[in-house]
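The values are calculated or read from the model by the stated rules, or taken from the named source; none is laboratory data. This is a predicted model, so every value here is computed, not measured. Here the Cβ positions follow ideal geometry from the backbone for every residue, glycine too, while neighbour counts run over all protein chains shown. In case anyone asks, the SASA skips ligands and DNA or RNA and just uses the protein heavy atoms, side chains included. Shrake-Rupley method; radii C 1.70, N 1.55, O 1.52, S 1.80 Å.
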Amino acid sequence: MTDFYNTRILLEPNEIPKEWVNIVPDLPAPMTPLINPMDGKPAPPELAFAIFPKECVLQEVSQEPTIQIPKELRELYVRSYRPTPLHRAYGLEKELGIEGEDIKIFYKNESVSPTGSHKPNTALAQAYYSKRDGVDELITETGAGQWGSALSYGCNLFDIKCTVYMVRASFIQKPGRKILMRAFNGQVHASPSKLTDSGKYYYEQDPDHPGSLGIAISEAVEHSMRSEKSRYSLGSVVNFVLLHQTIIGQEVKAQLQKVNAKPDVLVGCMGGGSNLGGLMIPFAKDKLDGKYPDLEIVGVEPRACPSVNKGEYRWDYGDSAKKAPILKMYTLGHNFIPSPIHSGGLRYHGMAPIISILAKKKIMSSVMHHQTEVIGSGLLFAKTEGILPAPEAAHAIKEAIDQALRAKENSEKKTIVFCLSGHGFFDLLAYKEYMVGNLVDYELPNVEIQKALSAPDMPSIDETRF
Ligand SMILES: *Cc1c(COP(=O)(O)O)cnc(C)c1O
């Protein structure tokens with residue numbers, strides 16, 4: 001019988017996690033260092049401290065299995081929006097014809113945050129540590145605008161200046177996000193801009209250059225190096241961001257326990273890997289310990305930007321102008337400029353080193369979907385669950401639906417949990433185009449991938465030197 005009192009599984013404010021879960025010491029292969037793009041050697045702490053907030057650098061390289069969440073920050077999470085609900089997707093289950101207790105779909109609703117995605121989980125932490133260490137400006141890039149609005153919100157709470165370089169294609173396509181950033185006192189510039197050398201290079205070739213995350217990162221890093229009291233802030237990819245996001249998976253664990261459920265599959269979309277990382281790391285740790293051997297972890301990418309599915313695991317620059325650190329990760333090459341799909345948050349050429357190691361070691365798997373089927377699944381979710389998802393999150397929905405239908409066909413029992421990383425209220429154009437039949441699919445041809453990966457400026461790092 002349907003237990004409608006368990007449709008939204010909530011935690012009390014004081015049940016918010018007290019620590020973040022660090023998977024780095026438990027990884028099946030050692031974490032690779034951040035490499036200084038200037039000399040190809042591991043970045044010394046002084047350099048990292050000059051770029052990122054200090055506490056974040058210490059967390060990036062920490063070997064502690066857990067890291068305490070400062071009390072003031074926990075209080076701020078609670079005052080702002082946490083813990084977030086875990087929903088049982090009864091409406092969607094009914095639509096798929098899987099009512100009952102054999103196949104269950106749950107989703108963690110990160111869309112209830114002030115800016116509508118999981119990104120404030122790390123934005124608040126980074127703004128908190130920056131304020132504590134006397135930083136007065138954080139500079140960042142944003143694709144679709146989710147990260148820029150989250151950081152603007154966080155900085156404004158701590159009275160820190162926030163400057164955002166926004167990929168021009170999105171700057172034009174998503175004016176709503178720009179306004180939201182400005183509402184939180186964020187300074188927003190279309191990238192490539194004339195304000196940095198990295199931006200000028202592209203801007204002078206074409207003032208209407210659509211930009212890319214890689215270019216916007218270069219601009220933000222360059223800008224952040226100008227002052228002693230400003231730092232560069234990242235919304236995904238690096239270890240400390242995935243660490244801050246583990247608040248998601250820990251809450252999910254506690255919520256599932258309340259209804260005596262255990263996941264068989266965890267699903268999340270992957271742009272840089274932070275929402276999936278946040279959901280799965282607390283569970284992956286158990287899997288690596290042998291406590292949860294059959295747990296499946298699935299990352300979902302767009303066919304137009306399949307870093308893990310079709311890229312190579314190798315050293316690459318984090319950005320186009322080669323100013324950001326070099327990372328060992330799955331990458332499509334730093335020169336890669338993805339097709340203008342609506343999931344701006346999934347258009348990054350690389351992938352978090354943590355996710356890359358787990359995928360390489362087959363602790364998790366990855367799949368790809370086309371944007372029309374993704375947006376179609378997003379609409380089905382809106383009709384049945386009442387939340388219009390971000391196009392990024394709709395990738396996870398599409399995969400959760402496929403998993404459920406496969407289980408139904410094979411008469412399997414399965415509990416599927418996915419991360420609803422955000423809502424789509426600022427992405428209505430994607431839905432409109434789908435409705436009028438204008439949405440097109442992009443598949444990245446293998447020759448293009450090979451071309452980007454064999455560019456003469458791909459870094460070659462001698463690992464025997466460290
Ligand atoms: C930024 C974003 C993503 C992609 O980033 P990850 O670091 O891979 O989580 C996914 N969904 C939403 C809603 C986002 O804003």
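A compact table of results
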| quantity | calculated |
| --- | --- |
| Any hit, the range 220-227, residues being of a type in the set (S, T, N, Q), modelled with pLDDT of 95 or more and assigned to a helix (DSSP H, G or I) | no |
| Number of positions in the range 319-371 that are open to solvent by 30 Å² or more (accessible area, probe 1.4 Å), at positive phi and in contact (Cβ under 8 Å) with a residue 60 or more places away in the chain | 1 |
| Restricting the range 427-447 to residues that are touching a residue at least 24 places away in the same chain (Cβ under 8 Å) and farther than 30 Å from Pro114 by Cβ, the residue that is farthest from the ligand (Cβ to nearest atom) | Asn446 |
| Single residue of the range 84-126 satisfying the filter (among the basic types (Lys, Arg) and within 16 Å of the ligand (Cβ to nearest atom)) that is farthest from Ala394 (Cα to Cα) | Lys119 |
| Looking only at the range 214-260, and only at residues there that are on the phi < 0 side of the Ramachandran plot and free of Cβ contacts under 8 Å to residues at least 40 places away in the same chain, the one that is nearest to the ligand (Cβ to nearest atom) | Lys253 |
| Any hit, the range 130-137, residues being aliphatic (A, V, I, L, M) and either part of a helix (DSSP H, G or I) or under 15 Å from Val241 (Cα atoms) (or both) | no |
| Spans of helices (runs of 4 or more DSSP H) in the range 23-113 with at least 3 residues buried (at least 18 other Cβ atoms within 10 Å of the Cβ) and not assigned by TED's automatic domain parsing to the domain that holds Asn275 | 54-60 |
| So Ile416, is it open to solvent by less than 20 Å² (accessible area, probe 1.4 Å) and either over 18 Å from the mean Cα position of the chain (by Cα) or free of Cβ contacts under 8 Å to residues at least 60 places away in the same chain (or both) | yes |
| Meets criteria (surrounded by fewer than 23 Cβ atoms within 10 Å (Cβ to Cβ), aromatic (Phe, Trp, Tyr) and closer than 23 Å to Thr415 by Cα) for Tyr128 | no |
| Scope the range 272-293; condition assigned to a loop (DSSP other than H, G, I, E, B) and in contact with an Asp or Glu (Cβ under 7 Å, 6 or more places away or on another chain); matching residues | Tyr292 |
| Of residues in the range 398-426 being small (Gly, Ala, Ser) and more than 11 Å from the ligand (Cβ to nearest atom), the one nearest to Gly299 (Cα to Cα) | Ala400 |
| Residues that are within 16 Å of the ligand (Cβ to nearest atom) and either more than 11 Å from Tyr431 (Cβ to Cβ) or of a type outside the set (A, V, I, L, M) (or both), drawn from the range 375-384 | Ser377, Gly378, Phe381 |
| When residues of the range 423-438 are limited to those that are outside any helix (DSSP H, G or I) and of a type in the set (Phe, Trp, Tyr), the one farthest from Trp147 (Cα to Cα) | Phe425 |
| Criterion violated by Pro17 - all others in (1) open to solvent by less than 20 Å² (accessible area, probe 1.4 Å); (2) part of a helix (DSSP H, G or I); (3) at pLDDT 90 or above satisfied | (2) |
| Lone qualifier among Leu213, Leu195, Leu157 - being open to solvent by 10 Å² or more (accessible area, probe 1.4 Å), touching a Phe, Trp or Tyr at 6+ places or on another chain (Cβ under 8 Å) and not assigned by TED's automatic domain parsing to the domain that holds Leu420 | Leu213 |
